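Asker: Just dropping this structure here.
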Amino acid sequence: MARMVTMKGNPLELEGPELRAGDRTPDFRLHAKDLSDVTLKDFEGKVLLLSVVPSLDTGVCAMQTKRFNEEASKLPDSVCILTVSCDLPFAQARFCGANGIAIPTASDHRDVSFGKAYGTLIPALRIECRALFVVDASGIIRYAEYVPELTNEPNYDAALSVVRSLIS
C-alpha cells in the first residue's frame, strides 16, 4: 500500500521508504544557497535536525523555519539544524535574508534524491512533505516524524527533546 499524506484533506502519495528511529541515515546531496554541495558528511560528528518543508514561501513552512532558527540559538555548536525543501537555492536565500534566518537551508530541487531516500517526496507536486528527522553524531536516526497533513506543524517539542537528550 502506498504511503500518503494529505493537503487540506486531499490525499497525496509519497515516494521512498518510511524511515524510523534506529535506521542508519541515508546520505544525500543537496545544494546550498551558493549552489555548493551539501552532504551528510558535512555534519559528521554533530547532532543533526533535518527540518523538511514543502516550500519556504508558505505560512506553515515559514513558521517552522523561524521556530527552528530561534531554537538553534539555544543549542550548542555540536547541533546543526538544516532546513530542506525543493525551493530553488535562490528562493531559499531570498527567504532567509528577508526573515533573518541564520540556520542553513539546502535545496533538493535538482534531482529530488533526498526526497526519494528519505520518503518525503510528493511526486505529483515535486515537493517534499513536512517531516523532521533527528540524527545522532554517529549517523543513526533517533527521531522521525512525517506530518500526515501538510498544513499542520510538526511536533517541535518532541524533536527538540530528542536533540537535547543526545547532547546531555
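The values are calculated or read from the model by the stated rules, or taken from the named source; none is laboratory data. Just so you know, these numbers come straight off a predicted model, no measurement behind them. Glycine gets a Cβ as well: all are built from the backbone with ideal geometry, and neighbour counts include every protein chain shown. These area figures cover heavy atoms from the full protein model, side chains too; ligands, DNA and RNA do not enter into them. Shrake-Rupley method; radii C 1.70, N 1.55, O 1.52, S 1.80 Å.
Asker: How long is the gain from M63 to R3 if the chain were fully straight, where each residue apart is worth 0.36 nm and the alpha carbon distance is subtracted? Could you put the intermediate results ahead of the total?
Answerer: Details: separation 60, 0.36 × 60 = 21.60 nm, distance 2.55 nm.
Working it through step by step, the gained length comes to 19.0 nm.
Asker: What nm value, rounded to one decimal, do you get for the distance between R20 and A137 when each label is placed 7 Å out toward the C-beta?
Answerer: Simple spin-label model gives 2.8 nm for this pair.
Asker: With contacts defined as alpha carbon pairs under 8 Å and 6 or more residues apart, what's the relative contact order of the chain in percent? Please report the intermediate quantities before stating the final value.
Answerer: Numbers: 351 pairs, mean separation 54.7, N = 168.
It rounds to 33 percent for the chain.
Asker: Protein chains only, probe 1.4 Å: how do K74, K66 rank by accessible area, largest first?
Answerer: Values: K74 135, K66 80 Å².
Solvent-accessible surface, decreasing: K74, K66.
Asker: What is the calculated FRET efficiency for S113 to T151, with r their C-beta to C-beta distance and R₀ = 22 Å, to the nearest 0.05? Don't skip to the end; give the middle numbers.
Answerer: Numbers: r = 26 Å, r/R0 = 1.18.
With a Förster radius of 22 Å, E is 0.25.
Asker: Right, something else. Please compute the modelled spin-label separation between S73 and K41, points set 7 Å along Cα→Cβ, answer in nm with one decimal.
Answerer: Between K41 and S73, the label points sit 3.4 nm apart.
Asker: Any idea of the accessible area per residue across the chain, 1.4 Å probe, to the nearest Å²?
Answerer: Working: 7710 Å² over 168 residues.
I get 46 Å² per residue for the chain.
Asker: Another question, if that's okay. Give me the percent of accessible area attributable to carbon and sulfur for the chain, probe 1.4 angstrom.
Answerer: Working: 4050 of 7710 Å².
The C+S portion of the solvent-accessible surface of the chain is 53 percent.
Asker: Here are several values of Cα extents along the principal axes in Å: [x] 43, 42, 35; [y] 40, 36, 27; [z] 62, 38, 24. Which one was derived from the coordinates shown?
Answerer: The value matching this structure is [y].
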